[in-house]
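Trainee: Next up is a structure, given as structure tokens.
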Amino acid sequence: MKLRTFDERVVLALALLSTLSLPMLPGCSDPPPAGPSGVTSPTPTASASATPAASPAASPAASPTPASSPTPAASPTPAASPTPAASPTPSNRTIVSSGPFSEAAPGASFAATNSLFTFQVTEAGRLDARATWPTAALVRLHIYSGSCSAAQAETGQCGTPVASGIASASPATVPSVGVSAGFFTIRLENTGPGDTGNGQWEVGLTR
């Protein structure tokens, strides 16, 4: 082999250097760095799978609320039949006679004490009597036709009364009785116990 001169060797070295400094061809890239063992690590490949977009959940359409049935109209309450007005009470009763009375308690010799009063009725009608007093004594009322005294009443000479009540606590009454015009006597018979105190009596006539 022919030995080159110094100049030839310099020219050859420069040519070799210019060859090594040429630009890399397009498409070529630097090799990946070597791993610890000298083996080139592969470049990790990005996952091409894309997370699918969540499908929007379609809300089911709400069922329409059924229309409520109309409430039937209440049947009208029939109007109550008007209560007929009560017949007015006749106001043609008049007081024929009245006055006070006071009787002592019955004694051992007689079963009752009596007060008698005579009055006159000037027209026909229905006669009634009533009496009130403040004590617990029981009093019985009688009406006789004509005039009669206490002495006659105690001996039973006044005849049959045209109306009599029952012995009762205050007030005492006599049921009404039809009479013609004339004189009459009311008898207040105290059957006890005790006296009557100061009482009041009246006789009325309804025409």
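The values are calculated or read from the model by the stated rules, or taken from the named source; none is laboratory data. Small disclaimer: the values here were computed from a predicted structure and weren't measured. Heads up, the Cβs are rebuilt from the backbone with ideal geometry, glycines too, and the neighbour counts pull from every protein chain shown.
Trainee: Does any residue of segment 127-144 turn out to be at pLDDT 95 or above, among the hydroxyl-bearing types (Ser, Thr, Tyr) and out of contact with any Ser or Thr (no Cβ under 8 Å at 6 or more places or on another chain)?
Mentor: no
Trainee: Which is of a type in the set (Lys, Arg) and either farther than 16 Å from THR206 by Cα or in a loop (DSSP other than H, G, I, E, B) (or both), of ARG126, ARG140?
Mentor: ARG140
Trainee: Being closer than 20 Å to ALA104 by Cβ and without any contact (Cβ under 8 Å) to a residue 60 or more places away in the chain is the requirement here; does ALA167 meet it? Give the steps one after another, and end with the answer.
Mentor: Working: closer than 20 Å to ALA104 by Cβ: yes; without any contact (Cβ under 8 Å) to a residue 60 or more places away in the chain: yes.
Here the answer is yes, as ALA167 does meet what is asked.
Trainee: Looking at this structure, is THR160 farther than 18 Å from ALA104 by Cβ, of a type in the set (Ser, Thr, Tyr) and part of a strand (DSSP E or B)?
Mentor: Details: farther than 18 Å from ALA104 by Cβ: yes; of a type in the set (Ser, Thr, Tyr): yes; part of a strand (DSSP E or B): no.
Judged against the criteria, THR160 is not a match.
Trainee: Let me ask something additional. Looking at segment 70-123, which of its residues are at pLDDT 80 or above, more than 22 Å from PHE183 (Cβ to Cβ), of a type in the set (Ser, Thr, Tyr) and in a loop (DSSP other than H, G, I, E, B)?
Mentor: Result: SER102, single match.
Trainee: Just wondering, is there one or more residues in segment 185-196 that are among the acidic types (Asp, Glu), closer than 15 Å to ILE95 by Cα and in contact (Cβ under 8 Å) with a residue 24 or more places away in the chain?
Mentor: Looking through segment 185-196, none of the residues is among the acidic types (Asp, Glu), closer than 15 Å to ILE95 by Cα and in contact (Cβ under 8 Å) with a residue 24 or more places away in the chain.
Trainee: Then there's this: Could you tell me whether any residue of segment 171-186 is on the phi > 0 side of the Ramachandran plot and surrounded by 14 or more Cβ atoms within 10 Å (Cβ to Cβ)?
Mentor: Of segment 171-186, the ones on the phi > 0 side of the Ramachandran plot are 182.
Now narrow it down to the ones that are surrounded by 14 or more Cβ atoms within 10 Å (Cβ to Cβ): none.
Checking segment 171-186: not a single residue is on the phi > 0 side of the Ramachandran plot and surrounded by 14 or more Cβ atoms within 10 Å (Cβ to Cβ).
Trainee: Given THR118, THR122, THR160, THR155, which one is in contact (Cβ under 8 Å) with a residue 24 or more places away in the chain and exposed (fewer than 13 other Cβ atoms within 10 Å of the Cβ)?
Mentor: None of the other options fit; the residue is THR122.
Trainee: Moving on. Inspect segment 165-187 for any residue being hydroxyl-bearing (Ser, Thr, Tyr), assigned to a loop (DSSP other than H, G, I, E, B) and more than 14 Å from SER102 (Cα to Cα) and give the result as yes or no.
Mentor: Narrowing segment 165-187 to residues hydroxyl-bearing (Ser, Thr, Tyr): 168, 170, 173, 176, 180, 185.
Adding the requirement that they be assigned to a loop (DSSP other than H, G, I, E, B) leaves 170, 180.
Then drop every residue that is not more than 14 Å from SER102 (Cα to Cα), which leaves 180.
Checked segment 165-187: at least one residue is hydroxyl-bearing (Ser, Thr, Tyr), assigned to a loop (DSSP other than H, G, I, E, B) and more than 14 Å from SER102 (Cα to Cα).
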